[in-house]
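For reference, the structure discussed in these notes is given below.
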Amino acid sequence: MNWLEVIKLRSAGIGSPSLDELLMSMVQSAQSKLAEIKIYRHAFLNTDLSVHLYWNSERPEQNGSAPGLRLAQALKDFGLVDHSVWIGIEK
């Protein structure tokens, strides 16, 4: 089953080197069932960030994956965080 975690950050300030380091370390320590990671910045608000964790596993984790939960918790140091889990619709 394909599922997705979306972790959105609305920070008070413009990106920081420690935030970039945190994101890169999380990407490098991702689990094997993680299919892909994509990181987006809002087109007009440099303070908004969205991290998409794409998974392929038997079923989704109800509250998110362990790496996703750790990332969401770590991002709280930078601003407001929203973490949600989405399931792919089969055609």
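The values are calculated or read from the model by the stated rules, or taken from the named source; none is laboratory data. Note that the coordinates shown come from a computational prediction; the quantities given were computed from them, not determined experimentally. With ideal geometry, Cβ positions are generated from the backbone for all residues, glycine too; neighbour counts draw on all protein chains shown.
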* Find the residue count for segment 23-77, including only residues that are in a helix (DSSP H, G or I), out of contact with any helix residue (DSSP H, G or I) (no Cβ under 6 Å at 6 or more places or on another chain) and at pLDDT below 85. => 5
* To do: State yes or no: is residue 91 farther than 18 Å from residue 24 by Cβ and either assigned to a loop (DSSP other than H, G, I, E, B) or without any contact (Cβ under 8 Å) to a residue 24 or more places away in the chain (or both)?
  => yes
* Give segment 1-17 a look and list any residue that's surrounded by 11 or more Cβ atoms within 10 Å (Cβ to Cβ) and at pLDDT 75 or above, or say none. => 1, 2, 3, 4, 5, 6, 7, 8, 9, 10, 11
